[in-house]
Every structure is written in structure tokens, then in C-alpha cells.
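First the structure, in the form of C-alpha cells, and then the observations on it.
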Amino acid sequence: MSATDFRLTAVRTFGSPLYVYDIEAIRKRFDLLIDLLGGRFGISYAVKANPNTGLLKAIRDKVVTFDASALAEVERAMATGIGAERITFSGPGKRRVEIERAVELGIGELVLESLADARIAAEAARRLGRVQHVLVRINPASAPRAFGVNMSGKPSQFGVDEEDMEPVLKEIAAMPGLDLIGFHIYSGTNSLNPEAIADNFSIFAAIFRKAAGMVGRKPKKLIFGSGFGLPYLPEDAPLDIEEVARRVNPIVDDLRADPTFAGAELALEMGRWLVGPAGWLLSSVVAEKHSRGTDFRICDAGFNNQLAACGMMGSVIRRNWRVSNISAPDAPEATYTLTGPLCTTIDVIATRITMPALAIDDVIAIENSGAYGLTASPSRFISHPEPREVIWTGNGFQDVTESLLNHWSIPAHGITQGLVQEEL
Ligand SMILES: Cc1ncc(COP(=O)(O)O)c(C=O)c1O
């Protein structure tokens, strides 16, 4: 079956809107990357990119560690049989109960974003009579160039600023209950430029050397935030991953040649590049309108289901993503404004996009939707049904639909008295 065939079959079977993940294609991306890196790095998969437990299960054997950014992500990973020791927990604004629970669960490494995180973790570990492995997240003083998103070189809520790290690292290194085993840097993402990615890795290596020197330790673990991007826009060329490996591998080898780093385990932390391209949001055309010179096609998915594709996840200017007509790919071309079903003017998927003509019930595929798709979208807005999620195995489909809405196993922050349930 061709790619178009299985996506159409999926919509006929499960209806739309629908997320489809081609799991073999995802696994092949892991294999390609692992191969190109030649064993230098283990993959740390960022659960936030796509936390679907069916998908997590299907990539378990390719991933060394899973990086969670909320306790609920830790729990989701563990629910698929991933041991706590294979999970790292990063992210700003961790709640006290999240840190305490993570320590209690025996999380592999806690990624400390601040001294405050460290104090809570140390207290919890001492109470349990444990020693918790921790990494300190360092926020570089310089910003990576040619990155779609950057979190460094400016005021930021993420990590410990490089300029301030010395006293913080020394204090954490001396805290009973914690074992500072290494460092973590994730300073930006969505770069399509191998040279910029390599430059960024050189910045990481220099900071890791500086940090290790400050605490006088040989790190056991270093996490490199990959920053690998995707060609979201029609004019973007995919990241040349071979070129990235050619440029990055020597930087890693050079770091490893230093006896301080010879024994360190290295992790490449990433999400979107691995799972984004082999996922599509499929949506049907439910209405059409010709208005004042513009042909509209109104679809059953909009920003409620794919916020980023509609230009609302950090983009300053909304630009058309890659969208295709999978029902009639050979139809003569026409130009449309594609919208979602929401009762607001900002629910636009594509403006003046030229593509094979779309009729009612035809299905469009929004590309690069395997990462930051449903999980990053405000699906409650206007109460349309949530899309189902299915995995295409190459032979058939696995329905992996689940609700993310009620996933709290810890109390909400700030409760000082018992909850009162009133009869309505
Ligand atoms: C700490 C951390 N690690 C990993 C990632 C994954 O990034 P990407 O999906 O762009 O590879 C993110 C994304 O924001 C992050 O904040």
C-alpha cells in the first residue's frame, strides 16, 4: 500500500479528524540517527513531543532514556513498562510534590533547573535515606544562531545561567542526599542548519569543560539538546542529518579525548525530528464557501487540533505548512483558504494555498504532525470531539486513542483545605 492509501484507509476506518503515526517510518529514523552517530550518544526521547503511550511502547527499545517535563509524563512513561531508572525529569516550575514523588519513584536523574529544585530534592532524598542522581541544567550565555526557537543568551526561566553557575554548582555538589553526576544543556531547537547545530555543540562542550572544572569532578553523564529541526514550510529543505553527524562527531570525539570526559555517558535529547515527519493530522473538508474572490474550504480540524500548523505555537507570522490533498492528489490545481471549524477568525490552516482541487469529504493531510500535534493543542476549545490517534504498523492499525485531560495523580498546587463538592 502506498502512503496515501493507508492514510485514506485510516480515515475510512476511524473517521476524521485523525492523527496517524507510521511506526516503522519512525523506527527507521531512530536507526538512521543511531547509525550515523556511531554509538557516541544514546537517544533521550523528549516525552513532551508525543506522549501517546502506544507510541512510547513502540519506540521503547530504541530509546535509552525518556525525558519527562511533568510528573504526569513520568507516570505515562512508567505506565508503558519503562523503569523509573530510565527516566529523567527536566523543566522549570516543578512543584514540590512532583520532585518529592520523582525521588520516591527512583527516577534515573533529576534535572535541576535551580538551587530551589536541588534543595527540595536533597531534603526528599535524605528523608528516604537515598542518594538521588542529579544533573544541573545550564543555560548558555550565548544564543545559538539559525535556530527556530532559542532559550539562551537572554533572560530565561530555563536552567541556571552560565554566568551564575559556579556558586550554584558548588553548593549542589556539596549537598548531602544528592550526587551531581553531570550536566544538561538544551538551549534551542528547530534548526535546519548543520553548521549552526555543530557550533552549538561546541558551545556545549566548552561549558561542560568549564562546569566540570568548577566542581572538580569527572561527569558520568552529559545531555546534549539536539536542536534538530523539521521542514515545516514548503520552501524548507530537510535537515541534512549526515552533514550534522559529520560535523558533530569530531566535536564529541575531541571532548572524549579529555580524560575528564572519557567515561561519561552522552545522551542526545530530542523529540520532533524523530517522530514529527511520520505523523499526519488528517482532516475532512466539511463545508465550502466562495466569499469576495476567495474560495474557502472549511475542515473538521483547526487550531483546536493542531496549534502549531495554524501558526500559533511561538510563530510571529502565520505561514502555510505543508498540506496535501490525499483524496484527489491528481485533481487540477485550485487556490484556497483552508480553515478549521472554530467560530473565530484566527482558525486558519492555510491562506491562498494552491493544491489539487478539494471537494466536500475530501481529506487533507497536515504534514509533520507526529510531534507537538494533539498534545500541544487546545482541544477543549469549542468542544469538538478530540481526534483519535492510530498507529500504522505496516500491516494494519492500532487504535492508541487516549485522553490526556484527567491525568493528575498529584494534588493541584495551593490547596490548603479539603475540597468541597457541592451539589449542583
Ligand atoms: C528540555 C527539553 N528537552 C528536549 C526537548 C525536545 O525538543 P525537540 O522536540 O525540538 O527535539 C525540549 C523541547 O522543548 C526541551 O525543552
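The figures follow:
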read-out	value
Among the listed pairs Lys28/Lys94; Lys57/Lys289; Lys62/Lys218, those beyond 32 Å (Cα-Cα)	Lys28/Lys94; Lys57/Lys289
Selection from Ile366, Phe6, Ala58 lying farthest towards where the dipole of the chain points positive, charges on Cβ	Ala58
Shape call, the range 23-275: gyration tensor on alpha carbons, a/c limit 1.5	oblate
Accessible surface of the range 23-275 [probe 1.4 Å, protein heavy atoms]: carbon and sulfur percent	51 percent
Relative contact order, percent, the range 23-275 [alpha-carbon distance under 8 Å, six or more residues apart]	19 percent
Largest-first ordering by accessible area, 1.4 Å probe, given options Lys28, Lys94	Lys28, Lys94
List Phe381, Phe397, ordered by accessible area with a 1.4 Å probe, largest first	Phe381, Phe397
For the range 339-351, Karplus couplings with θ = phi - 60° (6.51, -1.76, 1.60), whole Hz, Gly/Pro x	10, x, x, 7, 7, 8, 5, 8, 8, 10, 8, 8, 10
Accessible solvent surface per residue of the range 23-275, calculated while the other protein chains remain in place, 1.4 angstrom probe, Å²	37 Å²
Evaluated at q = 0.11, 0.12 Å⁻¹: base-10 log I(q)/I(0), Debye formula over Cα of the chain	-0.87, -1.01
Amide hydrogen neighbours beyond the local backbone of Asn139, cut-off 5 Å, H modeled	Val160, Asp161, Glu162
Dipole magnitude (debye, nearest 20) for the chain, charges at Cβ of Lys, Arg, Asp, Glu	620 debye
Interchain or long-range residues, amide H under 5 Å from Ala334's placed H	Met355, Ala357
Amide H contacts under 5 Å for Arg40, placed H, 5+ residues apart	none
For the range 259-269, 3J(HN,Hα) per residue [Karplus equation, 6.51 cos²θ - 1.76 cosθ + 1.60, θ = phi - 60°, Hz, x = Gly/Pro]	x, 4, 10, 4, x, 7, 7, 10, 10, 9, 9
Gaussian network model of the chain, Cα within-10 Å springs - most flexible of Pro219, Pro176, Pro277	Pro176
Only Lys, Arg (+1) and Asp, Glu (-1) charged, at Cβ; the range 100-151 dipole about Cα centre in debye	80 debye
Debye, to nearest 20: dipole size of the range 81-184, +1 on Lys, Arg Cβ, -1 on Asp, Glu Cβ	280 debye
For peptides 162-173, 260-271, 359-370, sequence by mean Cβ density within 10 Å, most packed first	359-370, 260-271, 162-173
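The values are calculated or read from the model by the stated rules, or taken from the named source; none is laboratory data. Since we're looking at a predicted model, the values are computed, not measured. Counting neighbours? That spans all protein chains shown, and the Cβs are built from the backbone with ideal geometry, glycine included. Heads up: the accessible areas ignore ligands, DNA and RNA and are worked out on the full protein's heavy atoms, side chains in. Shrake-Rupley method; radii C 1.70, N 1.55, O 1.52, S 1.80 Å.
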